[in-house]
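One structure below.
The values are calculated or read from the model by the stated rules, or taken from the named source; none is laboratory data. Everything quoted here is computed from the prediction, not taken from an experiment. Please note that ligands, DNA and RNA were not included when accessible areas were found on the heavy atoms of the full protein model with its side chains. Shrake-Rupley method; radii C 1.70, N 1.55, O 1.52, S 1.80 Å.
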Amino acid sequence: MKQVLSQQEIDSLLNALNTGEINPEEMKQEEEKNKVRAYDFRRPIKLSKEYVNTLYMIFETFAKSASNVLSTMVRTNINITLGAVEQVSFDEFVHSIPNPTIMGVFHTLPLNGNQIMEINPQFGIQIIELLCGGAKTKEKKGQKKEKFTDIELGIVEDMIQNLLKVFKSSWAEILDLEPELDNLETNAQLIQTMSPNEPVVLISFVVEIFDTKSFINICIPYVSFENITDKLSIRSWFDMGKTYDDHRFRDQIAERLVQTDVNITVEMGRTVLTVDDFLHLEAGDIVQLDMKTNQPMKLYVEDKVHYLVQPGLYKEKMAVQVLQYVEEDVEQ
């Protein structure tokens, strides 16, 4: 099992790499020598590799969508990439995050238990500054904060609500989820929703803004997956695809299409007028078009020709009767 580093340990490691105290090549050679890995039998891995691969696919989609949502929200380019999907204990997760931090505790139906979304405080400060009209510069890089005000937490809450919408959409192909934010916490020690030894799945994302890298973590307890492990199997995806041919599914699509509003336009013909002629048009004037009276008119659906029609009256109102369905290349 991989070791979970705290934020202070991560900063120290990055500084050592920048100053040359640690040689990456030597670290790689040392890692190749030590191929034996310790295994904790008190906390065995709960999810198989197949399920973890499925989670990779889900949260890679989450990362791409979250990048677009947050970039649009602050009007600044934000790049989010999936870092790792690990199975650790809740106690390891708590000790790997800084204090204070930003933690959104939420529950998701029909999953069991509570889930946690942790926003690195450095990234949270940058988002707050941008949304409050701060300059789009690197001046806030490395800034630390001891406490967040209620207004700042309200701004961060809106961001987490947007991320929860992305969380829902990223699961849409597998499961229909309804995430709901319960509360925000800045001290991980105050969260008592899980026991310290409870196994959790930790999904880590690397967030890059203004050449500054920080992190977003999503912590999901194993109990949340107990009732949906069958849906995490790749085999179930193919079985699910067979239901798409079901008549009920097609009827639902057809019903929704019928209720869709579209713009319909009938073109009687075209002509060319000078600006002077247009300004002097009056009621009763005759405008010569480029079509004969016995030629069918064109009916446009969303600015594309789909039918040839003829004019008439229906219940004392102007109407058209469809004569023929045509392809888009009717002009030729």
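Things to note:
- Shape analysis of the stretch 49-240 based on the Cα gyration tensor places the equivalent ellipsoid semi-axes at 28, 19, 14 Å, largest first.
- Working from Cα pairs under 8 Å separated by at least six residues, relative contact order for the stretch 49-240 is 36 percent.
- In the assembled protein chains, residue 270 presents an accessible area of approximately 140 Å² (probe radius 1.4 Å).
- Per residue solvent-accessible surface (Å²) - the stretch 49-240, probe of 1.4 Å: 47 Å²
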